[in-house]
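Here it is: the structure, laid out below.
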Amino acid sequence: MPHERFKSCIEACTQCAVECKHCAAACLEDPEVKMLVRCISLDRDCALICQTASSLMAAGSEFAAEICRLCAEVCRACGEECRQHDNEHCQRCAQACERCAEECEKMAVVTV
């Protein structure tokens, strides 16, 4: 079963999507929301690509490795942005992004 082979990557992508959605929502409530525009935008992009990568891995798609390479790139950018903010939700998001990027990079190498 394809989803068993990539279980840790699927879980990392799913967790990252959840953290990114939470981070974006919390940033929108921040009084300094204008300072968080890039963070919110990257959170949204990251959540979408993580969900897509997870779905493609679960389905055993031939494009999963390619999407995971892109997912890792988006996760790295999102994590770097979130690290710049002191909010707890941004720090949790950055951790999830970093873990997801690592898992996606491993997955993309394994399937090449």
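Can you tell me the 0 to 90 degree angle between the C-alpha axis of helix 64-83 and the longest principal axis of the chain, rounded to 10?
20
Let me ask something additional. With the contact rule set at Cα under 8 Å and sequence spacing of 6 or more, what percent relative contact order holds for the chain? Provide the component values of the computation, followed by the final result.
On the way: 152 pairs, mean separation 37.5, N = 112.
Here the relative contact order equals 33 percent.
Let me ask something additional. Can you give the three extents of the C-alpha atoms in the chain along their principal axes, from longest to shortest, in whole Å?
Projected onto its principal axes, the Cα set of the chain covers 46, 18, 18 Å.
Laboratory data are not the source of any read-out in this text; all were calculated from the coordinates shown. The shown structure was predicted, so the numbers you read here are calculated from the model rather than taken from an experiment.
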